[in-house]
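Enquirer: Handing you a structure now.
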Amino acid sequence: MSFRFDFRPRIGRGTLLLLLSAALSLPAHAQKKGKALPPPSGPQRLQPLLGGLAPAQAQQAIGAAVLADVDRSFASRAEASKFFSNKGFEYLTENQPDTAVVRFNLAWVLDPKNPDPYRGLAVLLSQRENTPPEAVQALLLQGLAVAPTDSRLLTDAATTTLSRYEQTKKKKDLTLASDYVQRALLADATNANAWQTQARIHYFQEDYASAWNDVHKGQNINLTSLDFGFLTQLMAKLPDPEGKFK
């Protein structure tokens, strides 16, 4: 089935509106499962990276006509990819996961070197029940393969690895999480979530003073980065040296 889009530059609040009037089911001959992703279930259009298609196969599945429409509507496919990945995050915050998946998938097809679709799809996949952490991490690693210094991707990779550590208690997972978060902070020292993730790592390393230092650094950058459940755990180990949290 072909994809039908309606691109309308410079209308309504200065944005392009995408109308998906056809189902995004793809021909069976084009399917190819990703090695680290779970077997696709449900419509392929709602699977991360269209169920594991290679980029070239995905372009063929979408069709030359749609790609031509994109080329006419945007200065470049990279610009179009950024537009659709931004729309994906908008729908993600609006709790419209299916629409967000479609936008992220299109953004990925248009520019596989754009790290945002991988991150957005990883977030969405993590929200689905019974998704193995390895599947989420696989998407993040694909994003890091094209953007190895992306602070947000590195932070998400650290968070996922840390969650695995909480289950396995394997020191190598804690070490890997620490490596990811240090790289994230090296890339962007203003990443508040990275500071909070590092605080959790220091907590598990029983370095509670350093954990509090990380908490306050993240708090000073963005108050919404605080995890009050974690703060309760940390206060049970060591009262806040600055006395801000009691």
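Enquirer: If you scan segment 43-65, which residues turn out to be more than 23 Å from Pro97 (Cα to Cα) and part of a helix (DSSP H, G or I)?
Expert: Once the filter is applied, which keeps residues that are more than 23 Å from Pro97 (Cα to Cα) and part of a helix (DSSP H, G or I), segment 43-65 yields Ala56, Gln57, Gln60, Ala64, Ala65.
Enquirer: Quick one: Ala187 ticks every box in (1) touching a Leu at 6+ places or on another chain (Cβ under 7 Å); (2) within 30 Å of His216 (Cα to Cα); (3) surrounded by 19 or more Cβ atoms within 10 Å (Cβ to Cβ) except a single one, so which number is it?
Expert: The number of the failed condition is (3).
Enquirer: What helices (runs of 4 or more DSSP H), lying completely within segment 106-220, carry at least 2 residues that are more than 28 Å from Ser76 (Cα to Cα), free of Cβ contacts under 8 Å to residues at least 12 places away in the same chain and touching a helix residue (DSSP H, G or I) at 6+ places or on another chain (Cβ under 7 Å)?
Expert: none
Enquirer: Looking at Ala145, Ala199, Ala122, Ala177, can you tell me which residue is surrounded by 21 or more Cβ atoms within 10 Å (Cβ to Cβ), of a type in the set (A, V, I, L, M, F, W, C), modelled with pLDDT of 95 or more and under 15 Å from the mean Cα position of the chain (by Cα)?
Expert: One residue alone meets the criteria, Ala122.
The values are calculated or read from the model by the stated rules, or taken from the named source; none is laboratory data. Keep in mind that what you see is a predicted model, and the values were worked out from it rather than measured. With ideal geometry, Cβ positions are generated from the backbone for all residues, glycine too; neighbour counts draw on all protein chains shown.
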